[in-house]
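Engineer: Mind looking over this structure? Questions follow.
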Amino acid sequence: MNSLTLVRRIAARPSIVFDALTTPEGIACWWGPDGGPVLLAETDLRVGGRFRVRFRMLDGSEHESSGEYREVARPKRLAMSWRWLGGDDSGESLVEIDLRAIAEGTELTFTHSRLHDEETRRSHEEGWNGALDKLERHFLASSNGDRHDQA
Amino acid sequence: MVNYNRQLDRTFAALVDPTRRAILARLEREDGASVSALAKPFAIKLPAVMKHLDVLDDAGLITRSKLGRTVTVRLSPEPMREAMDWLRRYERFWSARLDRLAAYAEGKEAEARKRGR
């Protein structure tokens, strides 16, 4: 219930998708919102290594997320802890990405879970409020160009 | 304006439990069921079901009304709708990114093929 799963079929082999997900060069190309730049992307791709991504929204606000790689199995699976950086500690959640080779390329299964851990509940509350307010403003501002999908 | 607030906390906390989710699913099919009818499919005793109903009631997900000796339970959809809205916004955040990731990786794949790999 407090997790989110999205599935995408991508016309590229799993190793290419994996590298797009994990290299600073790749992240810089897709991470930011449409029209907003990625300001910083760092990855230390090994179990226990950290990543950090900073991007600017269309409204000019900047956001940073970071975490630690928990599983690194190129080109099949990637798991990392996830945290928004801000004035408040926003609590930690978990991102898992599985890549399965299919005839057309790759089936990507993305899961963001523990969005609401009882332990981190209070800290989440503070952090998400701000982050989501900004996100909502962003979505409202860009809702015309928004792509809707059935995933 | 849907914020991440205490109401969402209560909603998600209530939805964590599988028995409570099963109760809500049942009410979705059969709104206005009696407590004893709700308790029937579960292996747990009536007082345990009552406790789950208390949690759902506190979260504002159901309302209970008493008529004679029968307590009727109804769904109260608003908190659920707010929780779904919150998740949906999060989903849009990732959805847009995965679209861009796909486009980028597909470009890289085309390049790799052109190079004959």
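The values are calculated or read from the model by the stated rules, or taken from the named source; none is laboratory data. Here the structure is a predicted model, which is why all the values come from computation and not from measurement. Heads up, the Cβs are rebuilt from the backbone with ideal geometry, glycines too, and the neighbour counts pull from every protein chain shown.
Engineer: Kindly evaluate A:Gly60 against the criterion of being more than 19 Å from B:Ser95 (Cα to Cα), surrounded by fewer than 16 Cβ atoms within 10 Å (Cβ to Cβ) and not charged (D, E, K, R). Can you show your working first?
Structural biologist: Details: more than 19 Å from B:Ser95 (Cα to Cα): yes; surrounded by fewer than 16 Cβ atoms within 10 Å (Cβ to Cβ): yes; not charged (D, E, K, R): yes.
Considered against the rule, which asks whether it is more than 19 Å from B:Ser95 (Cα to Cα), surrounded by fewer than 16 Cβ atoms within 10 Å (Cβ to Cβ) and not charged (D, E, K, R), A:Gly60 comes out as yes.
Engineer: Could you say which residue among B:Asp54, B:Asp99 is among the acidic types (Asp, Glu) and within 9 Å of another protein chain (Cβ to nearest Cβ)?
Structural biologist: Of the residues listed, the single one that is among the acidic types (Asp, Glu) and within 9 Å of another protein chain (Cβ to nearest Cβ) is B:Asp99.
Engineer: B:Glu28 - would you say it is modelled with pLDDT under 90 and under 30 Å from A:Phe18 (Cβ atoms)?
Structural biologist: Spelling it out, it is not the case that B:Glu28 is modelled with pLDDT under 90 and under 30 Å from A:Phe18 (Cβ atoms).
Engineer: Here's another thing I want to ask about it. Only residues that are touching a residue at least 24 places away in the same chain (Cβ under 8 Å) and acidic (Asp, Glu): list them for region B:55-92, please.
Structural biologist: Listed by number, the residues that qualify are B:Asp58, B:Glu82, B:Asp85.
Engineer: Let me confirm something: among B:Ala96, B:Ala48, which residue is in contact with an Asp or Glu (Cβ under 8 Å, 6 or more places away or on another chain), of a type in the set (A, V, I, L, M) and either part of a helix (DSSP H, G or I) or at positive phi (or both)?
Structural biologist: Values: B:Ala48 fails: in contact with an Asp or Glu (Cβ under 8 Å, 6 or more places away or on another chain).
The unique qualifying residue is B:Ala96.
Engineer: For A:His116, work out the one condition from (1) modelled with pLDDT under 75; (2) within 26 Å of B:Ala103 (Cβ to Cβ) it doesn't fulfil.
Structural biologist: The single condition A:His116 does not satisfy is (2).
Engineer: Moving on. Testing B:Trp86 on (1) buried (at least 18 other Cβ atoms within 10 Å of the Cβ); (2) facing another protein chain (nearest Cβ under 7 Å); (3) not aliphatic (A, V, I, L, M), one condition comes back false. Which one is that?
Structural biologist: The single condition B:Trp86 does not satisfy is (2).
Engineer: Which condition number does B:Gly60 fail, the rest of (1) in contact with a strand residue (DSSP E or B) (Cβ under 8 Å, 6 or more places away or on another chain); (2) assigned to a loop (DSSP other than H, G, I, E, B); (3) surrounded by 15 or more Cβ atoms within 10 Å (Cβ to Cβ) being met?
Structural biologist: (1)
Engineer: Failed condition for B:Ser34, given (1) under 20 Å from B:Leu87 (Cβ atoms); (2) touching a strand residue (DSSP E or B) at 6+ places or on another chain (Cβ under 8 Å); (3) polar (S, T, N, Q), with all others met?
Structural biologist: Only one criterion is unmet by B:Ser34, namely (1).
Engineer: If you check B:Lys108 against the conditions, is it at the interface with chain A (Cβ under 8 Å from one of its Cβ atoms), part of a helix (DSSP H, G or I) and either modelled with pLDDT of 85 or more or more than 30 Å from A:Cys29 (Cα to Cα) (or both)? Steps first, answer last, please.
Structural biologist: Working: at the interface with chain A (Cβ under 8 Å from one of its Cβ atoms): yes; part of a helix (DSSP H, G or I): yes; either modelled with pLDDT of 85 or more or more than 30 Å from A:Cys29 (Cα to Cα) (or both): yes.
Spelling it out, B:Lys108 is indeed at the interface with chain A (Cβ under 8 Å from one of its Cβ atoms), part of a helix (DSSP H, G or I) and either modelled with pLDDT of 85 or more or more than 30 Å from A:Cys29 (Cα to Cα) (or both).
Engineer: Conditions: (1) more than 10 Å from chain B (Cβ to nearest Cβ); (2) at pLDDT below 50. A:Arg121 meets all but one. Number of the miss?
Structural biologist: (1)
Engineer: Separate question: For region A:37-80, which positions are at pLDDT below 95 and over 16 Å from A:Pro24 (Cβ atoms)?
Structural biologist: Result: A:Arg56, A:Met57, A:Leu58, A:Asp59, A:Gly60, A:Ser61, A:Glu62, A:His63.
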